[in-house]
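What follows is a short report on a single structure.
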Amino acid sequence: MEDNKYLEMFLSESFDYMESMNNALLEIENGNERNENIELIFRNTHTLKGMASAMNFISISEVSHALEDVFSQIKSGKLDFSLSDFDLFYAWLDELKAMLDSVAETGKEPEGSGDHATKIRKFLSGTLSSESDAAVTVRKEHGIIISYSDFEAKAFEQLLDTGNTVLQFTINISKNAVMPSVRVFQITQKLSELGTIIKTIPAAEELEESEDLYEFVVFFTGDQEPNETYQILNSIREVDSISMEPISKESLNSEQTAPETPVAAPSAPVNKKKKKSIVEPTIKVKISHLDALVNLIGELIINTIRLDDISKDYNIKPLNDEINNFQRITANLQDRILLARMVPVGHIFNKYPRIVRDISRKFNKKVNITITGSGIELDRVILDEIDEPLIHLLRNAVDHGVETPKERKKLGKAETANINLIARREKNRVVIEVNDDGNGLDINKIQSKALKMGVVTKEKLSTMSKSDVFMLICKPGFSTSDKVTELSGRGVGMDVVKNKIDSLNGVLKIESAKGKGTNFHIVLPMTLAIIQTLIVSVRGVKFLIPISNIQETMEQTKESIQIIKGREVIFLRDELVVPLIRMDEVLGFERKEREVFPVIFVELGDKIAGLVFDQLHSKQQTVIKNLDSILKKAKLYSGKGLLSNGEPALILDIAALLE
């Protein structure tokens, strides 16, 4: 098919639309910005229909068209649906995504996929009322026609049934206001800060675009006392009057006939202007292209170092100046390329609410997930690698981390459990936390299971900190779950999570309090493409150590070494006891005793050790390259790089050395 050259673009955009629709459906289910999200799903299905048709994917186009019709009817208020219908909507989106997955894997739509569109249309024809039966409540207040569909009325009723207060504000801006649109913006912005705007008359889009709007209505729900909200709005300048009325079920059910000549809300014609886009244009680039650029940058860096060495030998000033300029340009180019590899963590975070929602329903639990820091950026490669470990932690949290509503009620907790997914920057690293307010880890149970499995001795266990005991759950086959489910309890998972984080030169830390919850604290480097390294050597063989793991370096004497419990240690600044690791022995060389020797103090999380080398050399920028299968088995190296003379050098795996 001639259109195959556009297949990658079609799939990339289609999967973006699918993620957007899933998130929009979640927002509607949670009672947030219903109209805007219904409109978003309607637009996305319309666009997807056209794209699929252009690519000759008929079944995908038909399913998209059927979904477009469903949300068109919902949007117009002619089709009502209940909370029980959300599972059906999610299933339709899953079916549509499965069809796209099939195209991505085989280039073809799955057989029999056209039946999906038929099922959707059966739902549409079976529940859609006739035009005359379409329930719309209409009444006139303060010169404005107040109308809402039966679906909107039921949404209000659900809010009222759950103890929420729904307020209707009718607001009049002074006719003398120089810029009434500014006052409209101030009012809606303030209400958004105080709670949730459910509906506006006129609609939100018209409200935003109109420059001559003096009278409008807002339906609002929030936690403040109604009078407090009223006073806050009334304090805004150039507001002539505000009327506030609580919505009741009686007012929702009172229908009136709309006047033949509707009274428009704006007192002047709406002047719509096309909004200027504030989104910077972007293009999609294959990761392989960026990897190739990173490799070329690596070669530039190596050549720059070699040129610098040559210029120092000959001391030619014009050449030195040009090399300095070359180094500056290379550094800027390196920063730009690394920046191009950075992706907001929201790229994977945005799909997690749907995953949590599905698992919580499977286990009859009520769970709310809050995501913070979606805009924090990570190298795309690291982000893709950390995706599965995060999904595992979230599944664990829902499956046996948080309690059922009944159990939580007995414990005096809210029936709805909370899971927080947080991302933030700390210096040149990114911290990701997954925490919940559930059971917490049972330290006694972990200790008992560890002894039973033989993963630790009783003597060792007695000296371990609480944090170290919690880390025992990352041992292969370790599980304290009393039951095996399809998601957990088999002792498979946490070891894989830790191994993956270690392979990314990251750190995993576990904190927990019985009955209060658990926090998984993950620290990751921002990129693994190019890193600062220190060149070291043992018996003339050079190795590389990531600078990010080095706390400090210093020379030590033979007399400074102490023996504690059969291990060599050094007292760092007379305070911290640091174990020594003789790198000649670790690397298979014969031990060499010296009176004075260099020590590199490396750290990873809360672990620290002193590495003894023969010699420390210079620092350099290193492009990380993958190891071959034989070197991977050694479990001492995390990658390899090139030295300034073009020779390869292995990068030492600090996590493996400190294990």
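Test Leu652 against the criterion of being open to solvent by less than 70 Å² (accessible area, probe 1.4 Å), closer than 30 Å to Ile561 by Cβ and within 34 Å of the chain's Cα centre (by Cα), and give yes or no. Taking the combined requirement at face value, the residue satisfies it. Could you count how many residues in the stretch 569-605 are open to solvent by 60 Å² or more (accessible area, probe 1.4 Å) and closer than 30 Å to Phe520 by Cα? So the answer is 4. Only one of Phe86, Phe57 is closer than 27 Å to Ala203 by Cβ and either more than 27 Å from the chain's Cα centre (by Cα) or surrounded by fewer than 19 Cβ atoms within 10 Å (Cβ to Cβ) (or both); which? That would be Phe86, the only listed residue that is closer than 27 Å to Ala203 by Cβ and either more than 27 Å from the chain's Cα centre (by Cα) or surrounded by fewer than 19 Cβ atoms within 10 Å (Cβ to Cβ) (or both).
Would you check if there is a residue in the stretch 312-322 being charged (D, E, K, R), under 21 Å from Thr622 (Cα atoms) and exposed (fewer than 14 other Cβ atoms within 10 Å of the Cβ)?
First, the residues of the stretch 312-322 that are charged (D, E, K, R): 312-313, 317, 321-322.
Then drop every residue that is not under 21 Å from Thr622 (Cα atoms), which leaves none.
Checked against the condition, which is being charged (D, E, K, R), under 21 Å from Thr622 (Cα atoms) and exposed (fewer than 14 other Cβ atoms within 10 Å of the Cβ), the stretch 312-322 yields no hits at all.
Listed by first and then second residue, the pairs with beta-carbon distance under 9 Å, at least 6 apart or on different chains, first residue in the stretch 548-577 and within 30 Å of Gln621 (Cα to Cα), second of a type in the set (D, E, K, R) and in a strand (DSSP E or B), are Ser548/Arg429; Asn549/Glu603; Ile550/Glu603; Gln551/Glu603; Leu572/Glu552.
Pairs meeting the criteria (first residue in the stretch 632-659 and more than 22 Å from Ser618 (Cβ to Cβ), second residue of a type in the set (Asp, Glu) and open to solvent by less than 10 Å² (accessible area, probe 1.4 Å), beta carbons under 9 Å, at least 6 apart or on different chains) are lacking. Screening Ser130 with (1) at pLDDT below 85; (2) open to solvent by less than 20 Å² (accessible area, probe 1.4 Å); (3) among the polar types (S, T, N, Q) gives one miss only, at (2). Inclusion of Ile608 among residues that are in contact (Cβ under 8 Å) with a residue 60 or more places away in the chain, open to solvent by less than 40 Å² (accessible area, probe 1.4 Å) and in a strand (DSSP E or B) is not warranted.
Under the condition of being aromatic (Phe, Trp, Tyr), without any contact (Cβ under 8 Å) to a residue 60 or more places away in the chain and open to solvent by less than 70 Å² (accessible area, probe 1.4 Å), the residues counted in the stretch 155-214 number 1.
Matching residues to (1) modelled with pLDDT under 90; (2) out of contact with any Phe, Trp or Tyr (no Cβ under 7 Å at 6 or more places or on another chain); (3) farther than 30 Å from Asn295 by Cα; (4) open to solvent by 60 Å² or more (accessible area, probe 1.4 Å):
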| position | (1), (2), (3), (4) |
| --- | --- |
| Asn505 | yes, yes, no, no |
| Glu511 | no, yes, yes, yes |
| Thr518 | no, yes, yes, no |
| Thr527 | yes, yes, no, no |
| Ile531 | yes, yes, no, no |
| Ile545 | no, yes, no, no |
| Ile561 | yes, yes, yes, no |
| Arg567 | yes, yes, yes, yes |
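Does Lys500 satisfy being modelled with pLDDT of 85 or more, open to solvent by 10 Å² or more (accessible area, probe 1.4 Å) and under 16 Å from Glu659 (Cα atoms)? For Lys500, the condition - modelled with pLDDT of 85 or more, open to solvent by 10 Å² or more (accessible area, probe 1.4 Å) and under 16 Å from Glu659 (Cα atoms) - is met. In the stretch 369-379, is there at least one residue being loosely packed, with under 15 Cβ neighbours inside 10 Å and either part of a helix (DSSP H, G or I) or free of Cβ contacts under 8 Å to residues at least 12 places away in the same chain (or both)? No, there is no match, as no residue in the stretch 369-379 is loosely packed, with under 15 Cβ neighbours inside 10 Å and either part of a helix (DSSP H, G or I) or free of Cβ contacts under 8 Å to residues at least 12 places away in the same chain (or both).
Run down Glu250, Glu255, Glu245 and say which single residue is open to solvent by 60 Å² or more (accessible area, probe 1.4 Å) and at pLDDT 80 or above. Glu245 is the lone residue from the list that is open to solvent by 60 Å² or more (accessible area, probe 1.4 Å) and at pLDDT 80 or above.
With respect to the numbered conditions (1) of a type in the set (A, V, I, L, M, F, W, C); (2) touching a Ser or Thr at 6+ places or on another chain (Cβ under 9 Å); (3) at pLDDT 70 or above; (4) not in a strand (DSSP E or B), which one is the sole condition not fulfilled by Val270? Condition (3) is where Val270 drops out. What residue, among those in the stretch 434-464 that are acidic (Asp, Glu) and surrounded by 15 or more Cβ atoms within 10 Å (Cβ to Cβ), is farthest from Lys607 (Cα to Cα)? The residue in question is Asp437.
The values are calculated or read from the model by the stated rules, or taken from the named source; none is laboratory data. Just so we're clear, the structure is a prediction, and the values are computed from it rather than from any experiment. Every residue, glycine as well, gets a Cβ built from its backbone with ideal geometry; the counts of neighbours run over all protein chains shown. These area figures cover heavy atoms from the full protein model, side chains too; ligands, DNA and RNA do not enter into them. Shrake-Rupley method; radii C 1.70, N 1.55, O 1.52, S 1.80 Å.
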